[in-house]
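Below: the structure, in structure tokens.
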Amino acid sequence: MSLFQKTALAGLALIATTPALAGYAKGPIDLTVKVTAPQQHVFYITEKIPVTPGKLTLYYPKYIPGEHGPTGPIDNMAGLVFNAGGKTLAWSRDPVDMYTFRLDIPKGADSLTIHFDFLSPVGGGAFTAGVSMTPRIVDLEWNQVALYPAGLPTKDIDFRPRITLPSGWQYGTALVTQSTNGDTYAFAPVTFNNLVDSPLIAGEYFRKVDLAPGDSVHRYLDMVADYPGALAIGPAYTQDYRNLIAQADRLFASHHYKNYHFLLTLSDHTGHFGLEHHQSSDDRINADLFLDKQTMLGEASLLPHEYTHSWNGKFRRPAKLWQPDFQKPEHTRMLWVYEGLTNYWGEVLAARSGLWSASQYRAMMAFYAAEMDHHPGREWRPLIDTAVAAQLLYGSPAFYKNWRRGTDFYDEGALIWLGVDTKIRELTHNKRSLDDFAKKFFGMDNGSYVTKTYTFDDIVKALDTVAPYDWSGYLSKRLDRTNNHAPLGGIERGGWKLVYSSTPNPYEKARETLHDYSDAMFSIGLTVGLKGGINDVLWNGPAFKAGMAPGMKIVSVNGSDFNPDLLKRAIANSSEPGHGHLTVVASGSGVTRTYVIDYSGGLRYPHLKRIQGTQDYLDDIAAPVGSSN
Ligand SMILES: [Zn+2]
């Protein structure tokens with residue numbers, strides 16, 4: 001453990017008393033992970049824990065930071081064997097908490113050796129519990145490959161991690177490499193908190209790009225891919241990501257890491273998502289991110305989002321989202337800040353860094369504003385309940401999502417924060433903005449990555465010092481009450497209005513291309529896959545009223561066999577005189593029927609239209625901040 005970490009961790013000494021620790025001798029735990037044949041999707045784990053004789057309780061991490069729920073993938077654990085004092089020990093699992101193991105350490109034993117295999121998914125699974133290995137890539141989140149002793153805060157348990165990789169592979173991680181022996185790499189000791197916070201990516205094809213050349217604080221883009229061509233980032237995107245580092249420095253006037261590593265997996269075979277950490281982010285995305293402009297348009301905010309989390313979510317965290325170990329439940333009510341504000345700034349930083357143009361930024365905003373405005377679930381479910389129930393919603397089925405509501409605290413949260421930003425600008429005649437809040441709320445303890453927690457009242461107080469206002473009432477109205485419409489006031493105060501026209505929205509089009517579907521949600525009220533399978537239907541929308549449902553398959557439209565272009569032409573023609581409806585044949589659950597959709601609105605795609613004579617705050621927000629600020 002480095003001096004820096006010891007000093008940093010002193011600040012988290014919130015645990016008053018430590019329970020008796022029969023069994024665990026409080027020494028460093030040796031953890032060795034081997035990957036010998038990644039195409040077989042197995043991590044081989046050996047763990048050595050110093051022990052004393054007596055009862056020992058071990059945990060497998062359950063609540064995974066950033067995943068906001070009990071998502072530790074314990075069902076992928078196999079081949080578990082405990083040895084101590086020359087014997088194989090009997091063990092039992094807690095009958096209620098599946099993540100708790102109990103065993104007796106025999107007399108005379110001072111070390112417990114654990115072997116188990118982590119069967120890394122070959123398909124399915126959400127986030128880090130999804131596919132994390134290909135024959136040429138390994139993405140490792142250490143919470144999946146370690147047990148830890150009960151009774152101590154995880155910041156007080158030290159690990160000595162090491163990994164063996166296939167011959168010749170390279171890797172990226174925020175861990176500090178201490179020694180190398182062939183293909184085995186030993187890392188400097190870290191607390192279990194920091195180990196879980198420090199994933200590693202490795203691959204046959206690896207590339208490292210310095211995003212802050214010449215700076216004493218290093219920021220790296222570490223990349224792995226299934227083929228070398230995917231790593232061809234090019235000078236323009238490299239500059240955009242360097243701009244991202246500079247723009248975030250100006251926004252937050254601080255950083256909360258020693259060095260930072262974007263750990264970017266470019267693959268069509270792993271899961272696609274981002275998971276934030278203090279000093280790195282585990283970012284997994286399509287292989288053609290740097291090769292196809294549509295992919296970049298659809299995914300440009302991924303790295304800015306995860307980077308923002310180093311400040312918002314990791315360094316500053318809602319009080320009840322911080323817990324002393326990985327077994328205590330997290331309260332997710334404040335995710336509209338943790339994720340909503342991160343979404344807002346991730347998108348703003350994507351525009352300020354040049355990954356999006358100002359018009360692409362507005363196209364993205366128009367799409368999400370329209371999508372949130374087409375979630376009638378807001379009539380029964382206030383936004384705050386999507387945050388409170390986040391651990392249900394991340395994994396909830398996608399059908400009728402607009403009626404059940406999903407994790408809307410991301411996109412609607414961003415709209416609420418746009419509202420706050422434009423309100424501050426309006427109140428102060430554009431002299432102050434949410435950037436001032438960013439500096440105030442995150443710009444302290446430079447270099448420290450000791451989490452500082454906050455409450456709703458702390459947010460209100462900080463906003464009030466930037467621009468005095470009834471922020472509590474403002475936020476509560478949008479969070480705690482049901483509303484018939486999405487909070488579009490921020491867009492309108494920003495000088496723009498949400499409108500619909502027959503001209504496609506380029507961001508929406510990029511999403512259609514990326515996710516192989518056709519979006520008619522804002523016209524006839526459905527989204528459909530390229531082969532006719534209906535993904536979702538708008539509750540009480542035209543298709544719903546005609547009797548259609550998610551899961552059906554469209555066979556024909558107005559008498560012709562389905563294809564996405566034909567459907568779009570039929571929707572476009574609906575506004576012609578004498579039309580006014582679409583005749584759709586669809587099958588579902590063994591029944592094929594004709595449905596008549598009463599609709600005459602033509603194609604409808606969302607856009608932002610300038611409100612003449614008003615201040616254009618939206619373009620101010622998206623513009624890069626100069627070095628003088
Ligand atoms: Zn996030």
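Quick notes on this one:
- Total residues in segment 32-88 satisfying the condition of being surrounded by fewer than 16 Cβ atoms within 10 Å (Cβ to Cβ) and in a helix (DSSP H, G or I): the figure is 3.
- Single condition Ile163 does not satisfy, out of (1) among the hydrophobic types (A, V, I, L, M, F, W, C); (2) more than 19 Å from Pro70 (Cβ to Cβ); (3) within 23 Å of the chain's Cα centre (by Cα): (3)
- Looking only at segment 323-360, and only at residues there that are in a loop (DSSP other than H, G, I, E, B) and under 19 Å from Asp421 (Cβ atoms), the one that is farthest from the ligand (Cβ to nearest atom): Trp356
- Test: residue in segment 420-427 that is of a type in the set (A, V, I, L, M, F, W, C), surrounded by fewer than 19 Cβ atoms within 10 Å (Cβ to Cβ) and in a helix (DSSP H, G or I): yes
- For the criterion of being at pLDDT 95 or above, open to solvent by 30 Å² or more (accessible area, probe 1.4 Å), part of a strand (DSSP E or B) and of a type outside the set (Ser, Thr, Tyr), Phe206 passes.
- Check on Trp417, open to solvent by less than 10 Å² (accessible area, probe 1.4 Å) and in contact (Cβ under 8 Å) with a residue 60 or more places away in the chain: yes
- Residue check for Gln279: more than 12 Å from the ligand (Cβ to nearest atom) and touching a helix residue (DSSP H, G or I) at 6+ places or on another chain (Cβ under 8 Å): no
- Residue within segment 377-386 that is closer than 30 Å to Gly626 by Cβ and in contact (Cβ under 8 Å) with a residue 40 or more places away in the chain present: no
- Complete set of residues in segment 286-305 that are open to solvent by less than 10 Å² (accessible area, probe 1.4 Å) and either more than 16 Å from the ligand (Cβ to nearest atom) or in contact with a Gly (Cβ under 8 Å, 6 or more places away or on another chain) (or both): Ala287, Leu289, Thr295, Met296, Gly298, Leu303, Pro304
- Of the listed requirements (1) among the hydroxyl-bearing types (Ser, Thr, Tyr); (2) assigned to a helix (DSSP H, G or I); (3) within 16 Å of the ligand (Cβ to nearest atom); (4) out of contact with any helix residue (DSSP H, G or I) (no Cβ under 7 Å at 6 or more places or on another chain), Ser310 misses just one: (2).
- Residues in segment 339-390 that are among the small types (Gly, Ala, Ser) and open to solvent by 20 Å² or more (accessible area, probe 1.4 Å): Gly354, Ser357, Ala358, Ser359.
To keep it simple, each residue is scored yes or no on (1) on the phi > 0 side of the Ramachandran plot; (2) of a type outside the set (Phe, Trp, Tyr).
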site: Gly578; (1), (2): yes, yes
site: Ala586; (1), (2): no, yes
site: Ser589; (1), (2): yes, yes
site: Tyr599; (1), (2): no, no
site: Lys609; (1), (2): no, yes
site: Leu618; (1), (2): no, yes
site: Ile621; (1), (2): no, yes
site: Pro624; (1), (2): no, yes
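- Complete set of residues in segment 538-568 that are open to solvent by 60 Å² or more (accessible area, probe 1.4 Å), closer than 18 Å to Asp598 by Cβ and not polar (S, T, N, Q): Trp539, Lys545, Gly559
- Yes/no for Lys320 being farther than 24 Å from Phe252 by Cβ, away from the ligand (no atom under 12 Å from the Cβ) and either of a type in the set (Lys, Arg) or open to solvent by less than 10 Å² (accessible area, probe 1.4 Å) (or both): no
- Boolean, Gly234 is at positive phi, free of Cβ contacts under 8 Å to residues at least 60 places away in the same chain and not hydroxyl-bearing (Ser, Thr, Tyr): yes
- The set of residues in segment 182-204 being under 26 Å from Leu231 (Cβ atoms) and within 25 Å of the chain's Cα centre (by Cα) consists of Asp197, Ser198, Pro199, Leu200, Ile201, Ala202, Gly203.
So that you can scan it fast, the table gives a plain yes or no per residue for (1) among the polar types (S, T, N, Q); (2) free of Cβ contacts under 8 Å to residues at least 12 places away in the same chain; (3) assigned to a loop (DSSP other than H, G, I, E, B); (4) under 19 Å from Thr177 (Cβ atoms):
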position	(1), (2), (3), (4)
Ile201	no, no, no, yes
Val217	no, no, yes, yes
Thr238	yes, no, no, no
Asn243	yes, no, no, no
Leu251	no, no, no, no
His256	no, no, yes, no
His269	no, no, yes, no
Ser281	yes, no, no, no
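- One residue stands out among those in segment 89-102 that are loosely packed, with under 15 Cβ neighbours inside 10 Å and without any contact (Cβ under 8 Å) to a residue 60 or more places away in the chain: the one that is farthest from the chain's Cα centre (by Cα), which is Ala90.
- Sole exception among (1) touching a helix residue (DSSP H, G or I) at 6+ places or on another chain (Cβ under 7 Å); (2) away from the ligand (no atom under 16 Å from the Cβ); (3) open to solvent by 10 Å² or more (accessible area, probe 1.4 Å) for Lys107, by number: (1)
- Residue match in segment 126-143 (condition: over 23 Å from Thr173 (Cβ atoms) and modelled with pLDDT of 95 or more): no
- Any hit, segment 406-425, residues being within 16 Å of the ligand (Cβ to nearest atom) and over 29 Å from Met296 (Cβ atoms): no
- Of the residues screened, Glu276 is not one that is over 28 Å from Leu231 (Cα atoms), of a type in the set (D, E, K, R) and open to solvent by less than 10 Å² (accessible area, probe 1.4 Å).
- Taken together, Phe456, Phe437 contain a single residue that is among the aromatic types (Phe, Trp, Tyr) and open to solvent by less than 10 Å² (accessible area, probe 1.4 Å), which is Phe437.
- Strands (runs of 3 or more DSSP E) enclosed by segment 532-598 - at least 2 residues per element that are under 24 Å from Arg405 (Cα atoms) and at pLDDT 95 or above: 534-537
The values are calculated or read from the model by the stated rules, or taken from the named source; none is laboratory data. Worth saying up front: this structure is predicted, and the values here are computed from it rather than measured. Glycine gets a Cβ as well: all are built from the backbone with ideal geometry, and neighbour counts include every protein chain shown. Please note that ligands, DNA and RNA were not included when accessible areas were found on the heavy atoms of the full protein model with its side chains. Shrake-Rupley method; radii C 1.70, N 1.55, O 1.52, S 1.80 Å.
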